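What follows draws every value from the coordinates through simple rules; no lab data is involved. Predicted, not measured: the structure shown is a model, and the values here were computed from it. Cβ atoms come from the backbone with ideal geometry, glycine included; neighbour counts cover every protein chain shown.
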C-alpha cells in the first residue's frame, strides 16, 4: 500500500505531503480545485507520461516521491530479481521532471531507465480511469483473475509443464519435417563435406607442428652455421682462438693454485660449477648438431599439406573446430539416414504428450467453468444491489486448437446493462454509470484475490444517483476492508463512508494560485459534506450531512 506521497511543483501543487493508511480515503473539493491532478501525480510516479508542461509555472523542475509498504509477494520477487530488494519492508519511488525535458526515475534511491522503472511499478496501484493501470478491463487478465479466485495455481503449473513438453516435441518434429527432395539434397551436401574432411584427415595440432617444421627447413643453412659456430665457441675452438671450455679450465687451475697461497680467497668452487655447466651445454649443442637432418623434398611435402589443411578453413578457423564440425555433420547425416525411425518415435512422443496435456487441461477447464459460474452468480447479486437488477454478466471461453501454457481456452468477461441487449466484451462497454457500477461490483468480488494493494477510483459515482449512490459508498467501504482505497468524489453519500477525508482547495497568495490538500477533522468533514449536498449554510443541509455521517459510521461498525 501507499504509505507516503510527496508532490512538489506539479501543476498547481506547490508542496503537498501526505501520509496514508489502509482503509477508505476520499478527496473532495470544488470543481477545478485540483482533485484529478493528485491522481495524475500518482500516475506519473507509477511510470506514466511525464511532460515538462506539468511543471508548475516559473519552476525548473517537479518532483514526486512515494513510499510503499506491505507489497505483494510477486512484487517483492520482481524487485529482488531486478536487483532492487525491499529494505525494512519499504519501497521508495522517485520521479523528477525538468524544464529541459530531462526526466529522472529512481527506485530505492538508484537511477534506472524508464522502461525498467515501469515494469517494477506494475501491480502496485490499480487506477480506475487510466487504462494503463486498469487491470480488470484488460481481457488478458480475466483468465488470471479466474485462476486466482479459484486458487488454481497448482493445476495451471501442471498444464504449463505439459504444454512446454508438447511444444518441445513440436520443434523436434519441425526439424525433421522437410520434403524428401530437400532431404536428399541435404544428404548429398553432407556426404560431400564429410568426404572432403575425411580425405584430408586433419589431426589436432597438426597445422602448428607443420608450420614450425617448415620454418626450420626453410632456414636449414643458417641453422647449421649457427650450431657449428656455437659448438666451436663452446668446445672446439678455432684457429688462434681457445674454446670457452679451455679458458674456463685454465681459470680453474689458476684459482686452485691461488687458493694454496691465500686460503682467504677461494673461488675455485664457483668457477668449477660454471665449467661443468658449460660442458653440459656443449654436450646438448653437440647432440642437437648430430641429430640435425634435413630430408630432401620434405619442405615441398609440408607446403602441400598446409595447402590441403587451409582448404578446410571454411569449416572452422582451427583444425579443432574443423573436427568438431565433422562430428556435427555426421550427427546430422545420422538423423537424415534414420529419418523414418526418428519420425515415428517423435510421433509416438507427440501423441503421448498431447494426451497428457489434454487430461490436465480438461481438469483445469472444468474447474475454471465452475469458478466462472460462481462469479456470474455473485456478480449478479452485487449488480442488483447497485441498481442493475436486469443486467447480464457472462464469462465466455474461446477454445484453442493447440496446447497453450495457460490452458485449452482464453477467458473474457461480457456485459450488458440493458434487457434485450446482447452482452459485449467488457473492454467495449460504454463508459457511464453502468460502467462505474459494474467495475465497482467486480472490484468488490475480486479485491481479495487481486495482488494489487491500492485501488484508486476517480469519480466512480459518475452517472449514479438516488439510493444507488449510497450503495456505491458501501461497496467502496467493503473493498477498503482488505485493500487501501482512494476515491475522488463529488457525492456526499460516498464521502461519508471515508475513514480519512481530505479537502482539496485552491489558495491564492501573492498573485500565485496553488492547490492545497489537508485532512479534515470531524466538524470540517460535516461542513464539507453539507457543501457537497448543495445546501450552503442551511441548517437542514447540515442536519442531512450529520445523518449521512452517523449512518455511515453505523455501517462501518
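Observations, loosely collected:
- Angle in degrees between helix 522-532 and the longest Cα principal axis of the chain, rounded to the nearest 10: 70
- For the chain, the longest principal axis of the alpha carbon atoms and the long axis of helix 319-337 meet at an angle near 60°.
- Calculated FRET efficiency for the pair residue 181/residue 138, C-beta based, R₀ 45 Å, to 0.05: 0.40
- Relative contact order (%) - criterion: Cα under 8 Å, at least six apart; region: the stretch 129-280: 10
- Using R0 = 41 Å, the C-beta based FRET efficiency linking residue 546 and residue 82 works out to 0.20.
- Volume in Å³ per residue [convex hull over Cα atoms, computed for the stretch 263-341]: 219
- On Cα atoms only, tilt of 339-385 relative to the major axis of the chain in degrees: 20
- Tensor-based shape of the stretch 185-337 (alpha-carbon gyration tensor, a/c under 1.5 rounded, otherwise prolate or oblate): prolate
- Translational D in µm²/s for the chain (Stokes-Einstein at 37 °C, 0.692 mPa s, Kirkwood Rh from C-alpha pairs): 102
- Gain in span if fully extended, residue 414 to residue 343, counting 0.36 nm per residue against the direct Cα distance: 21.1 nm
- Here each label is just a point 7 Å from Cα along the line to Cβ, and for residue 266 and residue 288 those points are 3.7 nm apart.
- Globularity index of the stretch 30-130, i.e. its alpha-carbon radius of gyration over 2.2 N^0.38 Å: 1.12
- As a calculated quantity, the FRET efficiency between residue 320 and residue 381 at R0 = 60 Å, using C-beta atoms, amounts to about 0.25.
- Overall Cα dimensions of the stretch 300-370, principal axis frame, Å, largest first: 84, 26, 13
- Here the spin labels are modelled as points 7 Å beyond Cα on the Cα-Cβ line, and at residue 17 and residue 274 they lie 8.5 nm apart.
- Share antiparallel - DSSP beta bridges, the chain, percent rounded to 5: 75
- Additional length obtainable on full extension of the chain from residue 310 to residue 334, 0.36 nm per residue less Cα span: 5.9 nm
- Annotation: extensible slack from residue 57 through residue 351 equals 99.0 nm (criterion: 0.36 nm per residue apart, minus Cα-Cα distance).
- Across the chain, C-alpha contacts under 8 Å between residues 6 or more apart give a mean separation that, scaled by the residue count, equals a relative contact order of 21 percent.
- When the inverse distances between all different Cα atoms of the stretch 139-250 are averaged and flipped, the Kirkwood radius reads 23.2 angstrom.
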